[in-house]
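S.K.: Structure incoming, see below.
Readers should treat all values here as calculations from the given coordinates under stated rules, not as data from a laboratory. Everything quoted here is computed from the prediction, not taken from an experiment. Here Cβ is always computed from backbone atoms with ideal geometry, including for glycine, and neighbour counts include all displayed protein chains.
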Amino acid sequence: MYSHLAAYAFTPIDAPQALADALRARAEALELLGTVLVAGEGVNLFLAGTAAAIDAFVDTLRADSRFDGLSVKRSVCARPPFARLKVKVKPEIISFRQDHASPLVGRAPVVSPRDLQRWLAQGHDDAGRPLALLDTRNREETAYGTFAGALTLPIDNFVDLPAALEAERHALEGATVVSFCTGGIRCEKAALWMREAGYGEVLQLDGGILGYFEAVGGDGWQGDCFVFDARIALDPSMRPLSERMPRQDVSPEHLPSGHMPSALENAA
């Protein structure tokens, strides 16, 4: 059984290459596989190994005060989700290329999974405003599943979101917009940018879809949540789609195009 870690933190990193080298050495010593992305704005991690090794890696990060706010999502899988370890230094831990979207200067307001569950059941937020759920992921991901009634965009990369969203501005007027993504990185940046760009009351789903699954299950969700590794997608109980398919169907030639190694840089 493999323990899977998805984690990120927005925090100033003065020497990204030095941190990347240190994290590579630690991950290699613990025999972890997956991807580590480091940028001046923080870290984005997708790793798998034994439960003890994952615990040790998280302990290493949290021993550094810069990572006190590390957001961690854990799950288990029967098959290895990654083939090797990759560590990269990038301009951003998730490419967006927009001003006024840096969580380093302050987060956008959040809605907790339990509050969103309640809002979905009552059909409005606590102030009586209608809800508009905005999926900030790409079209390959949303094809696997999303919240019922959510606005999805015809984009292939996160950097395409601002242009695609402009055509939908009218659909969000007068609503409390809840942006969401897999683990929280994209919706955190999107919510900040949208508030600055005049989209009104925009919140982010704290912890993303996986945090929602962990806290409340699948209320309001339809389908699976696509992930960028050999598990393919997770259902609300965090069970991988790859373990619900015949084994021969999860060989590399059967995986969606998003499972190419570079796709992990667009995940979370």
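S.K.: From largest to smallest, what semi-axes in whole angstrom does the chain give when each is the square root of 5 times an eigenvalue of its alpha carbon gyration tensor? Present the calculation step by step, with values, prior to reporting the outcome.
M.R.: Details: eigenvalues 166, 98, 57 Å².
In descending order the semi-axes read 29, 22, 17 Å.
S.K.: Quick one: if you stick a label point 7 Å off each Cα along the C-beta vector at Arg97 and Ser237, how many nm between them?
M.R.: Output for this residue pair reads 4.3 nm.
S.K.: Another question about this same structure. Please state the charge dipole magnitude for the chain, taken about the Cα centre, from unit charges on C-beta atoms (+1 on K and R, -1 on D and E), reported in debye and rounded to the nearest 20. Mind showing how you got there, number by number?
M.R.: Working: 26 positive and 35 negative charges, 94 e Å.
Using Cβ point charges on Lys, Arg, Asp and Glu, the chain gives about 460 debye.
S.K.: State the Cα centre-to-centre distance between the stretch 33-85 and the stretch 104-165 in whole Å.
M.R.: 25
S.K.: Given the Cα-Cα distance of Ala171 and His124 and 0.36 nm per residue of separation, how much length would full extension add, in nm?
M.R.: On the way: separation 47, 0.36 × 47 = 16.92 nm, distance 1.56 nm.
Net length gain for the segment: 15.4 nm.
S.K.: Kindly provide the helix-only [θ] at 222 nm of the chain, computed as the sum of -39,500 (n - 2.57) over DSSP H runs of four or more divided by all residues, to the nearest 500 deg cm²/dmol? Don't skip to the end; give the middle numbers.
M.R.: Numbers: 8 runs with 71 residues, N = 268.
My calculation for the chain gives -7500 deg cm²/dmol from helical runs alone.
S.K.: Under 17 Å from the Cα of Lys189, which lysines turn up, not counting those fewer than eight places away in the same chain?
M.R.: Within reach: Lys90.
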